[in-house]
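The values are calculated or read from the model by the stated rules, or taken from the named source; none is laboratory data. Since we're looking at a predicted model, the values are computed, not measured. Cβ sites come from the backbone with ideal geometry, for glycine too, and all protein chains shown count toward neighbours.
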Amino acid sequence: MIYAQVHLTLPAWVHEAVDANAVYPDDAAKVGLAIRLSADNVDLATGGPFGAAVFDGEHRLIAVGVNRVVPHTCSVAHAEMMAYMTAQQRLQRFRLNEDGGSFSLATSSQPCCQCYGATVWAGVNELLIGARAEDVEELTEFDEGPLPADWVGELEKRGIAVRRDILRDEARDVLRRYGESGTHY
Ligand SMILES: [Zn+2]
């Protein structure tokens, strides 16, 4: 048998948990939403402890993502990938900023090597990060994979500004709680 399609979904609770019309004026508001999604995803047992969101240049929410690897038996279903894919479907553009607009990805934890690669092609202008990769590896069993030594510089060369350690302690708290829970997603 040859499977010819893949269907990925966000949990139904995102419609209740996220105000789609709110404005997220600064980096803390954007990453704060990603962290809240990461916590809810653990609490509601719908995936791993990671959340992400895409915003446009007017600070409006375009899409959200949470980790869905285990529920979907799909190793690419990381929070950042889900946010990029749902944003691209909503705007019907595979490169979000090809219209000349400005887009940001906010993520509860630094992108792994897969999501780092996706960030190069997704068409965002800013990458806003909560916890660092070393926080993920210290507090959970996840492997973040290899990145270029100058991974920030490689993004900045491609027009993607990187800002880190935004609400880092809050993001670490979710990872710690997940790590101590003994749950495996
Ligand atoms: Zn990832």
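Return the residues of segment 90-115 that are more than 16 Å from the ligand (Cβ to nearest atom) and farther than 23 Å from ARG36 by Cβ; say none if nothing qualifies.
LEU91, GLN92, ARG93, PHE94, ARG95, ASN97, GLU98, ASP99, GLY100, GLY101, SER102
Looking at segment 36-57 only, could you name the residues that are part of a loop (DSSP other than H, G, I, E, B) and either crowded, with 16+ Cβ neighbours inside 10 Å or within 12 Å of the ligand (Cβ to nearest atom) (or both)?
Within segment 36-57, THR46, GLY47, GLY48, PRO49, PHE50 qualify.
Give the residue, chosen from VAL162, VAL124, that is surrounded by 16 or more Cβ atoms within 10 Å (Cβ to Cβ), in a loop (DSSP other than H, G, I, E, B) and away from the ligand (no atom under 13 Å from the Cβ).
VAL124
Write out, first by first residue and then by second, each pair whose Cβ atoms fall under 9 Å of each other, whose residues are 6+ apart or on separate chains, and whose first residue, in segment 15-30, is closer than 15 Å to ILE62 by Cβ and aromatic (Phe, Trp, Tyr) while the second is in a loop (DSSP other than H, G, I, E, B) and at pLDDT 95 or above.
TYR24/HIS59
For residues that are among the aliphatic types (A, V, I, L, M) and part of a helix (DSSP H, G or I), tally how many sit in segment 58-96.
Selection size over segment 58-96: 10.
Test SER109 against the stated conditions and say whether it is of a type in the set (Ser, Thr, Tyr) and surrounded by fewer than 20 Cβ atoms within 10 Å (Cβ to Cβ).
Here the answer is no, as SER109 does not meet what is asked.
Determine, yes or no, whether VAL136 is in contact with a helix residue (DSSP H, G or I) (Cβ under 9 Å, 6 or more places away or on another chain), surrounded by 21 or more Cβ atoms within 10 Å (Cβ to Cβ) and within 22 Å of VAL42 (Cα to Cα).
yes
For ALA118, state whether it is part of a helix (DSSP H, G or I), within 16 Å of the ligand (Cβ to nearest atom), out of contact with any helix residue (DSSP H, G or I) (no Cβ under 7 Å at 6 or more places or on another chain) and modelled with pLDDT of 95 or more.
Against the criterion (part of a helix (DSSP H, G or I), within 16 Å of the ligand (Cβ to nearest atom), out of contact with any helix residue (DSSP H, G or I) (no Cβ under 7 Å at 6 or more places or on another chain) and modelled with pLDDT of 95 or more), ALA118 does not qualify.
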